[in-house]
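A.B. asks: Quick one: structure below, then a few questions.
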Amino acid sequence: MDATETTTANDAAPPAARGPTGPRRLGAAVVAVALGGALVWLGAPRLIAALESLDARTVIWDARAGHPPPPDRLAAAAADLDAAQRWAADGEAMGDRGFLLVQQARATPPGPERGALLDRAAQATEAGLAAAPAQPSAWARLAWLHVARGDRAAAIPALRLSLLTGPVAPALMASRLELGLELLSLMDPDTRGLLRRQVRLLWVVSPETVAAMSQKPDTGGFVRDALNDLSEEDMAAFLRVHGPKS
């Protein structure tokens with residue numbers, strides 16, 4: 001009797017006590033599949049954008065390594081990055097498109113076509129910086145573009161932001177300092193201070209480059225004066241980079 005009552009009681013237990021029923025398990029599976037599909041769908045645009053820009057990355061690497069591809073490859077790579085943006089916006093990729101357009105412009109003779117390429121490069125660079133502001137190379141490129149398009153005053157704030165967002169960027173520092181020295185007469189005291197600091201930081205990385213800059217007739221005095229402010233910290237950093245290795 002007790003066994004019968006126990007069995008009857010177990011059989012009569014509510015469904016929750018015995019685990020999910022068939023329909024409930026099916027519903028859970030449908031939800032899981034739907035969530036998985038949603039995750040795949042959300043990730044798909046980024047995957048497509050990455051595939052669209054794959055060839056462009058190779059072109060960018062070659063150009064930055066000092067081996068600029070021919071203009072038709074530069075144009076195709078810029079178009080690929082533009083297509084990738086339609087799938088997934090990426091501030092750094094927008095900035096890279098500006099870089100490619102600058103390379104195209106440099107390979108184009110002076111004239112309306114070159115001017116149009118510089119305008120497009122500036123627009124792409126500004127769009128990239130609006131989406132991802134912490135790009136010192138893009139800020140420096142924007143400063144250069146302002147100068148190339150005849151607006152030297154507009155170059156100052158862009159150069160300032162490059163110095164602030166990436167004061168130590170070995171691949172960028174020499175060309176950025178050259179541009180800053182070209183704009184020196186337009187700078188306010190704060191930006192001049194940032195440029196003086198850049199002289200000292202570049203000296204730590206590449207003293208021979210700074211030595212050459214210090215010999216220039218127009219701006220060498222500024223460079224030599226900035227080196228007078230070298231601190232013990234600067235000297236210690238120099239020794240870490242160039243001193244004897246243990």
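The values are calculated or read from the model by the stated rules, or taken from the named source; none is laboratory data. Being a predicted model, the structure only gives us computed values, none of them experimental. As a convention, Cβ positions derive from the backbone with ideal geometry for all residues, glycine included, and neighbour counts pool all protein chains shown. Just the protein is used for accessible areas: all its heavy atoms, side chains included, with ligands, DNA and RNA removed. Shrake-Rupley method; radii C 1.70, N 1.55, O 1.52, S 1.80 Å.
A.B. asks: Please state, rounded to one decimal and in Å, the Kirkwood hydrodynamic radius that the stretch 158-218 gives when every pair of distinct Cα atoms enters the mean of 1/r.
C.D. replies: Result for the stretch 158-218, one decimal place: 11.6 Å.
A.B. asks: So how much accessible area does Leu161 have, in Å² to the nearest 10, using a 1.4 Å probe?
C.D. replies: Leu161 has an accessible surface of roughly 70 Å² with all protein chains in place.
A.B. asks: Something else about it: With the other protein chains left in place, how much accessible area per residue, in square angstrom, belongs to the stretch 90-223 at a 1.4 angstrom probe?
C.D. replies: Result: 44 Å² of accessible area for each residue.
A.B. asks: First measure r as the distance between the Cβ atoms of His67 and Glu92, then evaluate 1/(1 + (r/R0)^6) with R0 = 30 Å and state the FRET efficiency to the nearest 0.05.
C.D. replies: 0.90
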